[in-house]
1. Out of the range 91-111, which residues are of a type outside the set (A, V, I, L, M), surrounded by fewer than 19 Cβ atoms within 10 Å (Cβ to Cβ) and either assigned to a helix (DSSP H, G or I) or touching an Asp or Glu at 6+ places or on another chain (Cβ under 6 Å) (or both)?
2. Is it fair to say ILE135 is under 29 Å from GLN16 (Cα atoms), among the β-branched types (Val, Ile, Thr) and outside any strand (DSSP E or B)?
3. From (1) modelled with pLDDT of 95 or more; (2) surrounded by fewer than 21 Cβ atoms within 10 Å (Cβ to Cβ); (3) not polar (S, T, N, Q), pick out the condition that doesn't hold for VAL41.
4. May I ask you to list the residues in the range 44-76 that are surrounded by 14 or more Cβ atoms within 10 Å (Cβ to Cβ), more than 16 Å from PHE166 (Cβ to Cβ) and small (Gly, Ala, Ser)?
5. Does ASN85 count as under 27 Å from ALA127 (Cα atoms), in contact with a Ser or Thr (Cβ under 7 Å, 6 or more places away or on another chain) and not in a helix (DSSP H, G or I)?
6. If you scan the range 98-136, which residues turn out to be closer than 21 Å to GLN196 by Cα and among the acidic types (Asp, Glu)?
7. Evaluate the range 172-188: report whether one residue or more is small (Gly, Ala, Ser) and either in a strand (DSSP E or B) or surrounded by 21 or more Cβ atoms within 10 Å (Cβ to Cβ) (or both).
8. Looking only at residues that are farther than 18 Å from VAL42 by Cα and aliphatic (A, V, I, L, M) in the range 169-194, which one is modelled with the highest pLDDT?
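The values are calculated or read from the model by the stated rules, or taken from the named source; none is laboratory data. Bear in mind the structure is a predicted one, so any value in this text is a computation, not a measurement. For neighbour counting, all protein chains shown are included, and Cβ atoms are generated from backbone atoms with ideal geometry for every residue, glycine included.
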Amino acid sequence: MQQDDLSDIQNDARSQNIVRAIEQFIQILNEQAGEKHAAKVVLDGAVLQGSELNQKPERFIEEELIDPVMQVLGYEPRFQPTGFNGLGGRYPDFTALNLDVTNFGEVKKPGKIENAREESFDYLTMATDRPIIGIATDGFVWILHTATKSDEQPTYTHHVALHDLFKKIRLEQTQPRAERRSRPHLRDLSRDFVSQFNASYIETLVTDD
């Protein structure tokens, strides 16, 4: 079996597990925020409100969505890390311990992806380490910036939006089990995300010659 074939098999399994992670997240969101607010967040793109959760939205997203999704993608995430050169004592929301290059990410509540993107880019610009990887996410949208050389500013690399996947999972959860669509349909929606944001692939963006 060729390496490409192995990668395809791994990505297919990860795609299925991303679907499961989002299913579980939506169920928890329904329980903690209530069906009405959860539907607005998932189906209408409303901003997740802490008053509906009785918890800080960013912490809720980190625990119930970002952490499990990152683990599926092959990362070992640590939240509220410290010790980054150039940040003046400030610290990002997370880092992946198992990457060999400096990396960190910013998490904002759903509906606030632009805030996450701006803050992540600012931190990447301030940081002195190169190569470096930065991820910004609100759980629904994932954005990547990278910089390789010592004098290089971070540049936009790519992003993936998962709104359709969230919506379809949420709608299917409200249907009788017999009427739900097959797993391959949902798995296909997560495949681009898995292929572009899995840990092994992202690291090659700043380490391959």
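1. Going through the range 91-111, the residues of a type outside the set (A, V, I, L, M) turn out to be 91-95, 98, 100, 102-106, 108-111.
Adding the requirement that they be surrounded by fewer than 19 Cβ atoms within 10 Å (Cβ to Cβ) leaves 91, 98, 100.
If the condition is that a residue be of a type outside the set (A, V, I, L, M), surrounded by fewer than 19 Cβ atoms within 10 Å (Cβ to Cβ) and either assigned to a helix (DSSP H, G or I) or touching an Asp or Glu at 6+ places or on another chain (Cβ under 6 Å) (or both), then ASN98 is the only one that fits.
2. The answer is no for ILE135.
3. (2)
4. GLY50, GLY74
5. So ASN85 fits the description; yes.
6. Scanning the range 98-136 gives ASP100, GLU106, GLU114, GLU118.
7. No, the conditions are met nowhere in the range 172-188.
8. Checking each candidate, the answer is VAL194.
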